[in-house]
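For reference, the structure discussed in these notes is given below.
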Amino acid sequence: MFLPGSMGGDGKLSETAFEKSALGLRGLEVLLQEKGIEVSRAEARRREDVLEDKLLVLPLRGESPGMDGGDDAETPAERALSFVAASGIPTLVILPKWRDAVTEKGVARPQFLAPRSQLVRDLALLDRSDLVVLRSPATFIEEDAPLSFGGKQKATLFAAQVFDRPTLPDTCKELFGVSAGALLIACEGEVTFYLLSDPDMLNNHGLALGDNAATSLSIARLLIADSLTGSVLIDPSALSMSAPTDEDQTRASTQSLEDFQRLVTYPFTVIWGVVLIVTLLFFWRGAWRFGPAYRGEGQAAARSKRAVVEAEARLLRLGGNDGQMTAQFVRAQLLDKAAQVFGPTARLSADIERFFAHLASRDKALASALRAVSTTLIEQGAAMKGPELHKHLDLFQTLMGRAELGS
């Protein structure tokens, strides 16, 4: 479900790859353009005149360990928020929720949430230290949420991140929210801006959940109308909008050339030579010993699955605890099948029963046979002898192969 992104030389996702990843806003840009809303991007630093009659969207990236550059280093978020305070243009600031580890690992886990200290610091930079951000448990919620101009839109979120309503000051009003708290607020003062607590309402991953795509379109139209702007400017890198000086450009060019020259001097030349020799050796060894890659047809996939099953059965026998491991294996296979049918959140025993019921609606006899052999292996596998265990496991795999159901 997540899109991979290439890594930059510093070990972090490049800006372009990040925008196409699960946490980027490339999908929002495409959606708004398809619906007739003009969208432009701040791919590099721009002068302030490009911001006229535009709603600036500033997504703040979650910090990862080792990202801070020291006490005196100004982060992109600090530069962006300083620019918002100085310019006074209509701006939607999207608070961070996930660290970049989500795009690198390909899965959203509670340990990959952005540190709360970052949320506190970003709100302080916006002079909104009184706001408290809450996080729901790591489960999905799907609610009909009211919009300030009337009507309701569905919000589908995992580990929802919301503003605590009792902490909203008088200068901030809620525009969109769920029962757990406010998601989108508008704050007035010396600078009027909007705050979105959960970026999953607008990022690539969130747009694929439930009706979030339609909801994000409604949010964009609401903010454009409320801010009296005509189009949207997305700044994915949260850069300040000041134009670079000639000195900055000269320094950047010199550093780039020096970095490249450093890679082609000793001892790097020795390293590149060794890498080239080892690579050629691997290619030669593979081509000479094993020949070209086998490209079988027909039963290739079936034979491959059969080989995997036989290898697993052998490992079970060698382990000496065949029955217990087989029971765990069978349960895991059933949970995987349930996840294939009902989605990745189907990882409970109750979801196995849902899978059997779903299968029975297609093939009652197959569902009954698969339930019987699965129950036998899980409950009685530990007491079975080797031949009997292998027989039941082989029957289980045969029945599972017939139970190929679509999601």
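Which residues, counting only those in the stretch 353-392, are aliphatic (A, V, I, L, M) and modelled with pLDDT of 85 or more?
Residues satisfying the conditions are Ala357, Leu359, Ala360, Ala365, Leu366, Ala367, Ala369, Leu370, Ala372, Val373.
Would you be able to tell me the number of residues in the stretch 4-43 that are modelled with pLDDT under 50 and either surrounded by fewer than 17 Cβ atoms within 10 Å (Cβ to Cβ) or among the charged types (D, E, K, R) (or both)?
So the answer is 7.
Give me the pairs, please: first residue somewhere in the stretch 337-364 and within 18 Å of Gln397 (Cα to Cα) and outside any helix (DSSP H, G or I), second residue anywhere and open to solvent by 90 Å² or more (accessible area, probe 1.4 Å) and among the aromatic types (Phe, Trp, Tyr), beta-carbon distance under 7 Å, and either six or more positions apart or on two chains.
Matching pairs, first to second residue: none at all.
So which residues in the stretch 121-145 are open to solvent by 70 Å² or more (accessible area, probe 1.4 Å) and either touching a Lys or Arg at 6+ places or on another chain (Cβ under 8 Å) or within 24 Å of Gly88 (Cβ to Cβ) (or both), if there are any at all?
Result: Arg121, Leu125, Asp127, Ser129, Asp130, Glu142, Asp144.
Just checking, how many residues over the stretch 155-175 are open to solvent by less than 10 Å² (accessible area, probe 1.4 Å), within 30 Å of Ala17 (Cα to Cα) and not β-branched (Val, Ile, Thr)?
Looking only at that region, the number is 6.
Among the listed residues Leu233, Leu239, Leu222, identify the single one that is at pLDDT below 80, within 36 Å of the chain's Cα centre (by Cα) and within 30 Å of Asp100 (Cα to Cα).
Residue meeting the stated conditions: Leu239.
Looking only at the stretch 181-200, decide whether some residue is over 26 Å from Gln33 (Cβ atoms) and under 23 Å from the mean Cα position of the chain (by Cα).
yes
Does Pro146 fit the bill of being within 21 Å of the chain's Cα centre (by Cα) and not aliphatic (A, V, I, L, M)?
Here the answer is no, as Pro146 does not meet what is asked.
In the stretch 320-357, which residues are open to solvent by less than 50 Å² (accessible area, probe 1.4 Å) and either touching a Ser or Thr at 6+ places or on another chain (Cβ under 7 Å) or not aliphatic (A, V, I, L, M) (or both)?
Of everything in the stretch 320-357, those that are open to solvent by less than 50 Å² (accessible area, probe 1.4 Å) and either touching a Ser or Thr at 6+ places or on another chain (Cβ under 7 Å) or not aliphatic (A, V, I, L, M) (or both) turn out to be Asp322, Gly323, Thr326, Phe329, Val330, Leu334, Lys337, Val341, Gly343, Asp351, Phe355, Phe356.
Do we find a residue being closer than 20 Å to Val30 by Cβ, out of contact with any His (no Cβ under 9 Å at 6 or more places or on another chain), of a type outside the set (A, V, I, L, M) and surrounded by 15 or more Cβ atoms within 10 Å (Cβ to Cβ) anywhere in the stretch 178-195?
No, because not a single residue in the stretch 178-195 is closer than 20 Å to Val30 by Cβ, out of contact with any His (no Cβ under 9 Å at 6 or more places or on another chain), of a type outside the set (A, V, I, L, M) and surrounded by 15 or more Cβ atoms within 10 Å (Cβ to Cβ).
The values are calculated or read from the model by the stated rules, or taken from the named source; none is laboratory data. Here the structure is a predicted model, which is why all the values come from computation and not from measurement. In this analysis, Cβ positions are derived from the backbone assuming ideal geometry, glycine residues included, and neighbour counts consider all displayed protein chains. Heads up: the accessible areas ignore ligands, DNA and RNA and are worked out on the full protein's heavy atoms, side chains in. Shrake-Rupley method; radii C 1.70, N 1.55, O 1.52, S 1.80 Å.
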